[in-house]
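To start, the structure itself, in C-alpha coordinates.
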Amino acid sequence: MYDSYFYEPARGHGLPHDPFNAIIGPRPIGWISSLGADGVRNLAPYSFFNAFNYTPPLIGFSSLGRKDTLRNIEHSGEFVWNLATRPLAEAMNLSCAAAPPEVDEFALAGLTPVASRLVQPPRVGESPVAFECRCSQILRLKTAAGQDTDAWLVLGEVVGVHIANAMLKDGVYDTAGSQTILRGGGPADYFEIQPDSLFRMARPDYPLVR
Ligand SMILES: Cc1cc2nc3c(=O)[nH]c(=O)nc-3n(C[C@H](O)[C@H](O)[C@H](O)COP(=O)(O)O)c2cc1C
(Lines give C-alpha, C1' and ligand atoms only; values in the text may rest on other atoms or scores of the structure.)
Protein backbone atom coordinates (compact mmCIF):
# COMPACT_ATOMS: atom_id res chain seq x y z
CA MET A 1 0.00 0.00 0.00
CA TYR A 2 1.14 3.51 -0.79
CA ASP A 3 0.86 6.47 1.53
CA SER A 4 -1.27 8.53 -0.86
CA TYR A 5 -2.61 11.99 -1.45
CA PHE A 6 -6.40 12.10 -1.86
CA TYR A 7 -8.64 14.83 -3.19
CA GLU A 8 -12.16 15.24 -4.55
CA PRO A 9 -11.91 17.14 -7.86
CA ALA A 10 -15.18 18.98 -7.20
CA ARG A 11 -13.54 20.52 -4.09
CA GLY A 12 -10.20 21.35 -5.76
CA HIS A 13 -6.92 19.43 -6.00
CA GLY A 14 -4.90 21.55 -3.55
CA LEU A 15 -1.70 21.00 -5.56
CA PRO A 16 0.42 23.55 -7.48
CA HIS A 17 -0.87 22.09 -10.78
CA ASP A 18 -3.94 19.97 -11.54
CA PRO A 19 -2.44 16.48 -11.98
CA PHE A 20 -5.37 15.05 -14.01
CA ASN A 21 -3.92 15.60 -17.49
CA ALA A 22 -0.45 14.59 -16.39
CA ILE A 23 -1.79 11.29 -15.00
CA ILE A 24 -3.92 10.40 -18.03
CA GLY A 25 -0.96 10.94 -20.28
CA PRO A 26 0.69 10.93 -22.60
CA ARG A 27 -2.43 11.06 -24.76
CA PRO A 28 -2.67 10.55 -28.51
CA ILE A 29 -3.57 13.69 -30.40
CA GLY A 30 -6.68 14.02 -32.51
CA TRP A 31 -5.45 16.46 -35.13
CA ILE A 32 -8.77 17.17 -36.78
CA SER A 33 -9.44 18.84 -40.11
CA SER A 34 -12.96 19.99 -40.97
CA LEU A 35 -14.75 22.42 -43.25
CA GLY A 36 -16.86 25.40 -42.23
CA ALA A 37 -20.30 26.03 -43.73
CA ASP A 38 -18.64 28.75 -45.83
CA GLY A 39 -16.00 26.27 -47.05
CA VAL A 40 -13.20 27.62 -44.84
CA ARG A 41 -10.70 24.89 -43.91
CA ASN A 42 -10.17 24.24 -40.22
CA LEU A 43 -7.47 22.30 -38.40
CA ALA A 44 -7.04 21.87 -34.63
CA PRO A 45 -5.52 19.42 -32.13
CA TYR A 46 -7.62 17.59 -29.51
CA SER A 47 -5.85 15.40 -26.94
CA PHE A 48 -9.05 14.22 -25.28
CA PHE A 49 -9.00 11.77 -28.12
CA ASN A 50 -8.94 8.03 -28.65
CA ALA A 51 -10.20 5.00 -30.57
CA PHE A 52 -13.32 3.24 -29.30
CA ASN A 53 -14.06 0.35 -31.63
CA TYR A 54 -12.35 -1.93 -34.17
CA THR A 55 -15.17 -2.94 -36.52
CA PRO A 56 -16.28 -0.52 -37.69
CA PRO A 57 -13.36 1.62 -36.56
CA LEU A 58 -14.68 4.46 -34.39
CA ILE A 59 -12.66 7.36 -33.03
CA GLY A 60 -13.67 10.35 -30.95
CA PHE A 61 -12.53 13.56 -29.32
CA SER A 62 -13.98 15.93 -26.76
CA SER A 63 -14.53 19.61 -27.47
CA LEU A 64 -14.34 21.61 -24.25
CA GLY A 65 -16.79 24.29 -25.22
CA ARG A 66 -18.41 24.83 -28.58
CA LYS A 67 -15.36 25.23 -30.82
CA ASP A 68 -15.15 25.67 -34.59
CA THR A 69 -14.35 21.99 -35.19
CA LEU A 70 -17.49 20.89 -33.33
CA ARG A 71 -19.69 23.38 -35.20
CA ASN A 72 -18.20 22.33 -38.55
CA ILE A 73 -18.83 18.65 -37.89
CA GLU A 74 -22.36 19.30 -36.63
CA HIS A 75 -23.01 21.03 -39.93
CA SER A 76 -21.15 18.80 -42.42
CA GLY A 77 -21.01 15.43 -40.62
CA GLU A 78 -17.42 14.85 -41.79
CA PHE A 79 -13.86 15.23 -40.52
CA VAL A 80 -10.35 13.90 -41.04
CA TRP A 81 -7.93 12.76 -38.35
CA ASN A 82 -4.25 13.40 -39.11
CA LEU A 83 -1.30 11.80 -37.31
CA ALA A 84 0.86 14.36 -35.48
CA THR A 85 4.55 13.40 -35.65
CA ARG A 86 7.69 15.07 -34.26
CA PRO A 87 8.53 16.83 -37.56
CA LEU A 88 4.98 18.28 -37.52
CA ALA A 89 4.88 19.20 -33.81
CA GLU A 90 5.42 22.93 -34.26
CA ALA A 91 2.81 23.11 -37.04
CA MET A 92 0.36 21.12 -34.89
CA ASN A 93 0.93 23.61 -32.08
CA LEU A 94 0.37 26.59 -34.39
CA SER A 95 -2.93 25.05 -35.49
CA CYS A 96 -4.32 25.33 -31.94
CA ALA A 97 -4.28 29.13 -32.01
CA ALA A 98 -7.67 30.55 -31.05
CA ALA A 99 -8.19 31.97 -34.53
CA PRO A 100 -11.63 33.16 -35.67
CA PRO A 101 -13.66 30.78 -37.89
CA GLU A 102 -12.67 32.58 -41.11
CA VAL A 103 -8.97 31.73 -40.58
CA ASP A 104 -7.63 28.70 -42.45
CA GLU A 105 -5.29 26.95 -39.98
CA PHE A 106 -3.62 25.00 -42.82
CA ALA A 107 -2.34 28.36 -44.11
CA LEU A 108 -1.62 29.62 -40.59
CA ALA A 109 0.55 26.57 -39.87
CA GLY A 110 2.14 26.35 -43.35
CA LEU A 111 0.56 22.98 -44.13
CA THR A 112 -0.67 21.59 -47.45
CA PRO A 113 -4.36 20.69 -47.73
CA VAL A 114 -4.72 17.56 -49.83
CA ALA A 115 -8.12 16.46 -51.12
CA SER A 116 -9.63 13.48 -49.32
CA ARG A 117 -11.09 10.56 -51.28
CA LEU A 118 -14.46 10.07 -49.57
CA VAL A 119 -15.14 13.20 -47.51
CA GLN A 120 -15.00 16.93 -48.21
CA PRO A 121 -12.51 18.11 -45.54
CA PRO A 122 -8.90 17.89 -46.75
CA ARG A 123 -6.15 15.98 -44.98
CA VAL A 124 -2.76 17.35 -43.95
CA GLY A 125 -0.46 16.48 -46.86
CA GLU A 126 2.64 16.42 -44.64
CA SER A 127 1.10 13.92 -42.20
CA PRO A 128 2.00 10.27 -42.89
CA VAL A 129 -1.36 8.87 -41.75
CA ALA A 130 -4.91 10.18 -42.10
CA PHE A 131 -8.35 8.75 -41.40
CA GLU A 132 -11.31 10.05 -43.37
CA CYS A 133 -14.29 10.02 -40.99
CA ARG A 134 -18.06 10.38 -41.05
CA CYS A 135 -19.57 11.63 -37.80
CA SER A 136 -21.56 8.88 -36.06
CA GLN A 137 -22.63 10.59 -32.81
CA ILE A 138 -22.21 13.83 -30.92
CA LEU A 139 -22.85 13.52 -27.21
CA ARG A 140 -23.07 16.39 -24.77
CA LEU A 141 -21.28 15.05 -21.70
CA LYS A 142 -23.05 15.04 -18.33
CA THR A 143 -21.92 14.95 -14.72
CA ALA A 144 -22.65 11.95 -12.50
CA ALA A 145 -25.66 13.92 -11.21
CA GLY A 146 -26.98 14.26 -14.75
CA GLN A 147 -26.14 17.94 -15.24
CA ASP A 148 -24.99 19.08 -18.68
CA THR A 149 -21.33 20.01 -18.95
CA ASP A 150 -19.77 22.31 -21.51
CA ALA A 151 -18.03 19.36 -23.23
CA TRP A 152 -19.11 17.54 -26.40
CA LEU A 153 -17.82 14.11 -27.42
CA VAL A 154 -17.64 13.85 -31.20
CA LEU A 155 -17.48 10.29 -32.52
CA GLY A 156 -16.85 9.27 -36.10
CA GLU A 157 -16.56 6.16 -38.22
CA VAL A 158 -13.26 5.82 -40.08
CA VAL A 159 -14.30 5.26 -43.70
CA GLY A 160 -10.94 5.77 -45.42
CA VAL A 161 -7.34 5.27 -44.28
CA HIS A 162 -4.18 6.77 -45.83
CA ILE A 163 -0.79 5.40 -44.71
CA ALA A 164 2.52 6.60 -46.14
CA ASN A 165 4.22 3.51 -47.58
CA ALA A 166 7.37 4.35 -45.57
CA MET A 167 5.35 3.61 -42.41
CA LEU A 168 4.66 0.05 -43.56
CA LYS A 169 7.49 -2.42 -42.91
CA ASP A 170 6.73 -5.61 -44.86
CA GLY A 171 3.11 -4.49 -44.69
CA VAL A 172 3.10 -4.02 -40.91
CA TYR A 173 2.44 -0.51 -39.56
CA ASP A 174 5.58 0.63 -37.74
CA THR A 175 4.32 2.40 -34.61
CA ALA A 176 7.80 2.34 -33.02
CA GLY A 177 9.33 4.18 -35.95
CA SER A 178 6.43 6.59 -36.48
CA GLN A 179 7.76 9.51 -34.35
CA THR A 180 4.18 9.96 -33.15
CA ILE A 181 3.86 12.72 -30.56
CA LEU A 182 1.65 12.49 -27.50
CA ARG A 183 0.43 15.14 -25.08
CA GLY A 184 1.60 15.11 -21.46
CA GLY A 185 0.48 17.34 -18.60
CA GLY A 186 1.18 20.97 -17.82
CA PRO A 187 1.12 23.75 -20.35
CA ALA A 188 3.79 22.37 -22.66
CA ASP A 189 4.74 18.71 -22.09
CA TYR A 190 4.84 16.29 -25.02
CA PHE A 191 6.31 12.84 -25.55
CA GLU A 192 7.61 11.26 -28.74
CA ILE A 193 7.31 7.54 -29.45
CA GLN A 194 10.83 6.13 -29.83
CA PRO A 195 11.82 2.60 -30.87
CA ASP A 196 13.39 1.90 -27.45
CA SER A 197 10.10 2.48 -25.62
CA LEU A 198 8.60 -0.65 -27.21
CA PHE A 199 8.14 -3.79 -25.13
CA ARG A 200 6.04 -6.85 -25.89
CA MET A 201 3.80 -8.94 -23.69
CA ALA A 202 1.51 -11.70 -24.95
CA ARG A 203 -1.93 -12.06 -23.37
CA PRO A 204 -2.11 -14.92 -20.84
CA ASP A 205 -4.02 -18.14 -21.41
CA TYR A 206 -6.38 -19.25 -18.68
CA PRO A 207 -5.82 -21.14 -16.40
CA LEU A 208 -2.62 -19.20 -15.68
CA VAL A 209 0.65 -21.12 -15.94
CA ARG A 210 3.21 -19.73 -13.46
C1 LIG B 1 -1.97 19.31 -27.97
C2 LIG B 1 -3.27 20.02 -27.77
C3 LIG B 1 -4.37 19.31 -27.35
C4 LIG B 1 -5.61 19.93 -27.18
N5 LIG B 1 -6.67 19.19 -26.78
C6 LIG B 1 -7.89 19.77 -26.67
C7 LIG B 1 -9.02 18.97 -26.32
O8 LIG B 1 -8.94 17.75 -26.10
N9 LIG B 1 -10.23 19.58 -26.29
C10 LIG B 1 -10.37 20.92 -26.54
O11 LIG B 1 -11.50 21.42 -26.50
N12 LIG B 1 -9.33 21.69 -26.87
C13 LIG B 1 -8.08 21.14 -26.97
N14 LIG B 1 -7.00 21.90 -27.31
C15 LIG B 1 -7.22 23.33 -27.65
C16 LIG B 1 -7.76 23.48 -29.07
O17 LIG B 1 -6.84 22.95 -30.02
C18 LIG B 1 -7.96 24.99 -29.36
O19 LIG B 1 -8.99 25.48 -28.51
C20 LIG B 1 -8.29 25.27 -30.80
O21 LIG B 1 -8.26 26.68 -31.01
C22 LIG B 1 -9.66 24.76 -31.24
O23 LIG B 1 -9.79 25.06 -32.60
P24 LIG B 1 -11.17 25.15 -33.37
O25 LIG B 1 -11.99 26.24 -32.68
O26 LIG B 1 -10.73 25.54 -34.75
O27 LIG B 1 -11.83 23.82 -33.31
C28 LIG B 1 -5.74 21.32 -27.45
C29 LIG B 1 -4.61 22.04 -27.85
C30 LIG B 1 -3.39 21.41 -28.01
C31 LIG B 1 -2.18 22.19 -28.44
| query | Got a number for the accessible area of Tyr5? Probe 1.4 Å, square angstrom, nearest 10. | reply | 130
| query | Using the Cα gyration tensor of region 25-97, with a ≥ b ≥ c the square roots of its eigenvalues, what is the shape: rounded (a/c below 1.5), prolate (a/b larger than b/c) or oblate (neither)? | reply | oblate
| note | Subtracting the Cα-Cα distance of Leu182 and Gln137 from 0.36 nm times their residue separation yields 13.7 nm
| query | Using a probe of 1.4 angstrom, how much of the accessible area of the chain is carbon and sulfur, in percent? | reply | 56
| said: Under a Cβ-only charge scheme (Lys and Arg +1, Asp and Glu -1), can you give me the dipole magnitude of region 1-97 about the Cα centre, in debye to the nearest 20? | reply: 100
| request: Over the chain, give the accessible area per residue in Å² for a 1.4 Å probe, as an integer. | output: 63
| request: May I ask you to list the trypsin sites (Lys or Arg not before Pro) in region 139-206 that are in a DSSP loop and have at most 13 other Cβ atoms within 10 Å of their Cβ? | output: Arg200
| field | Residue of Gly30, Gly110, Gly160 that the Gaussian network model of the chain assigns the largest fluctuation, springs spanning Cα pairs under 10 Å | value | Gly110
| note | Rounded to the nearest 0.05, FRET efficiency between Ala51 and Leu118 (Cβ-Cβ, R0 22 Å) equals 0.70
| remark: The summed charge of the Ser116 Cβ neighbourhood (under 9 Å; Lys/Arg +1, Asp/Glu -1) stands at 0
| field | Extreme residue, positive dipole direction of the chain, given options Ala164, Pro113, Pro57 (C-beta unit charges) | value | Pro57
| Estimated 222 nm signal from helices in the chain, with DSSP H stretches of n ≥ 4 weighted -39500 (n - 2.57), rounded to 500 | -2500 deg cm²/dmol
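The values are calculated or read from the model by the stated rules, or taken from the named source; none is laboratory data. What you see is a predicted model; the values in this text were computed from it and never measured. FYI the Cβ positions are ideal-geometry reconstructions off the backbone, even for glycines, and counts take in every protein chain you see. Remember, those area values only see protein heavy atoms, side chains included, never the ligands or the DNA or RNA. Shrake-Rupley method; radii C 1.70, N 1.55, O 1.52, S 1.80 Å.
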